[in-house]
Amino acid sequence: MSHSQPTSDPQELTTHPPLTRHLPSPPPDISIIMPLFNKENEVLRAVHSVMAQTFSNWEMIVVDDGSTDCGVERLASIDDSRIACVHQKNAGVSAARNRGVEAARSQLLAFLDADDEWLPGCLEKMWHLKETYPECSVFAVKSLTINADGERLKAILKGLPDGWEGIIPDYFAIAAQSDPPLNSSNVMIRKEALISIGGFPVGILSGEDLLTWAHLAFRYPIALSSAPYLSIFYSPASPKNGQPRSNRHAVGEDRVAQELRTLLQTAPKQRVAGMKQYLALWHRMRASNFLDNGWNQAALSELFKSFRFGGLTLRVAFLTGLALLPKAPAKALRRASRWLVNSRRKKGLNRADQGRKTPQSPV
C-alpha cells in the first residue's frame, strides 16, 4: 500500500535507536515487519489482525519511518511484549522494510503494511507452506482487495485454478497476466534469500515491490496457496473528478525496467517469454499512470516499449487509443473500463466468499 517517499538521504542513517520494547527469548519462528508512516487511522486494525493469528510464535517489528501523526502513540497503547517499534528518519518504505530486516531475530520474515490486515489463519498457512515446500524461499497466500468504495474484488490469477496450492511453475508468466501473486502484505520470505538480493531497493519511487519479487522469483522457487483469502489489501482511491493519480511513476530514469532487462539478458531460455511479458506489464502500468496524469506522449512511449516486449495486446491497443483521443472522451472510456473490470471481479467471488461478511479486524 501507499507509504512515504524519502525526505532524507538513507545513507545518513548510520545509527538507529534501540527497540522500544524488550523481546522474549528464544527467537520466534516468524518475524513480522511493518513499515509505518502516517497511518494513525489504520495501524491498530493491522496490529490487531496480527494479534488475532492462530499461529502465535512471532515477533513484530514496526518501523516508524518518521511519522508526523499519532500512529506511534496509538501503538503505545498495546501491551504485548512480542511487538517492538524502531524509529528512523523518513527514508521511504524500502529503507523502512530493510531496517526491519536488520532488527528481525527470525530467519522467516513476513510483511504487512500498516493499512492492510490479515485474517486469523494467515501466518498458520504461511508456516504450512514452509513445512510442505521446504525447497522454496518465498511463501504467499491469496489476497482479497477492498477498494476505496468498500467493494470486495476477486484477485485474478490466470494460469492457476481456483484453490490451487503448490510451487508456482513460471512466476513471470503468471504475474504478467494476473494481479500480483505477491504483494507487500501476503508474503513470507527466508531472510537469507532477501539479503542475497540486497533487500528492498532504496530510491525507487514506484515499482520497488514488483522489482523485489522479480529478483526473488529469478533465484528462488515460490510456494503459493490460492484459497482461501487470508490477506486483505486495501486499494487506494482511483482518480475522481479529473484528479490525477499520484505522480510516483516519474518521467525519466526507469530503474525498474533497467534491472528487469538485466535479468532478462541472463535468463534461461525457458523463462525468456515470461520475463518479456513481465516487462511489457511494467511498461503498461507506467503508461496507465501517465495517462491518468495527462502525459499522453510519455504514455505512448511506454506503450511502444510494452509492444516491443509483449506484442500487440487488446490492453495496449486500448490504452493507445485513449492516448490519441481528445481528453473528455478518453476520460469517459477510462471510467467505463474501470467500472467494467471491477464489476467482473465482484461477480468473480465464489458463493462461499459472497456468503461471508466483509472481514473486520478483531478489536
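Restricting Leu108, Leu123 to residues that are surrounded by fewer than 23 Cβ atoms within 10 Å (Cβ to Cβ), of a type outside the set (D, E, K, R) and either under 24 Å from Trp164 (Cα atoms) or in contact with a strand residue (DSSP E or B) (Cβ under 8 Å, 6 or more places away or on another chain) (or both) narrows the list to Leu108.
Tell me whether region 169-190 contains one or more residues that are basic (Lys, Arg) and under 16 Å from Trp213 (Cβ atoms). Within region 169-190 (the criterion being basic (Lys, Arg) and under 16 Å from Trp213 (Cβ atoms)), the answer is yes, since at least one residue qualifies.
Might you let me know whether region 181-204 holds any residue that is at pLDDT below 95 and hydroxyl-bearing (Ser, Thr, Tyr)? No. Please work out if Ser94 is farther than 16 Å from Trp58 by Cα, hydroxyl-bearing (Ser, Thr, Tyr), surrounded by fewer than 24 Cβ atoms within 10 Å (Cβ to Cβ) and modelled with pLDDT of 95 or more. In short, yes. Given (1) part of a loop (DSSP other than H, G, I, E, B); (2) buried (at least 22 other Cβ atoms within 10 Å of the Cβ), where does Ile78 come up short, assuming only one miss? Only one criterion in (1) part of a loop (DSSP other than H, G, I, E, B); (2) buried (at least 22 other Cβ atoms within 10 Å of the Cβ) is unmet by Ile78, namely (2). Within region 33-90, being under 22 Å from Glu102 (Cα atoms) and of a type in the set (Phe, Trp, Tyr) holds for Phe37, Trp58.
Conditions (1) in contact with a Lys or Arg (Cβ under 7 Å, 6 or more places away or on another chain); (2) at pLDDT 90 or above, marked per residue:
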site	(1), (2)
Lys276	no, yes
Gln297	no, yes
Phe304	no, yes
Leu322	yes, yes
Lys331	no, no
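Take Glu135 and tell me if it is assigned by TED's automatic domain parsing to the domain that holds Ser225, charged (D, E, K, R), surrounded by fewer than 19 Cβ atoms within 10 Å (Cβ to Cβ) and not in a loop (DSSP other than H, G, I, E, B). Lay out the reasoning, then the answer.
Values: assigned by TED's automatic domain parsing to the domain that holds Ser225: yes; charged (D, E, K, R): yes; surrounded by fewer than 19 Cβ atoms within 10 Å (Cβ to Cβ): yes; not in a loop (DSSP other than H, G, I, E, B): no.
Here the answer is no, as Glu135 does not meet what is asked.
Screening region 1-30 for residues that are among the polar types (S, T, N, Q), modelled with pLDDT of 50 or more and in contact with a Gly (Cβ under 8 Å, 6 or more places away or on another chain) and picking the one that is surrounded by the most Cβ atoms within 10 Å (Cβ to Cβ) gives Ser4. The residues of region 50-103 that are basic (Lys, Arg) and more than 20 Å from Ile232 (Cα to Cα), listed by number, are Arg74, Arg82, Lys89, Arg99.
Could you check region 153-168 and list, in sequence order, the residues that are at positive phi and either in contact (Cβ under 8 Å) with a residue 60 or more places away in the chain or acidic (Asp, Glu) (or both)? Steps first, answer last, please.
Step one: of region 153-168, the residues at positive phi are 159, 163, 166.
Hit for region 153-168 is Gly163, nothing else.
Restricting Ile195, Ile168, Ile204, Ile189 to residues that are farther than 26 Å from Glu42 by Cβ and crowded, with 17+ Cβ neighbours inside 10 Å narrows the list to Ile168.
With part of a helix (DSSP H, G or I), farther than 23 Å from Glu208 by Cα and assigned by TED's automatic domain parsing to the domain that holds Glu192 as the only criterion, which of Glu102, Glu59, Glu73 stands out?
Within the list Glu102, Glu59, Glu73, the selection yields Glu73.
The values are calculated or read from the model by the stated rules, or taken from the named source; none is laboratory data. All values derive from a computational prediction rather than experimental measurement. Counting neighbours? That spans all protein chains shown, and the Cβs are built from the backbone with ideal geometry, glycine included.
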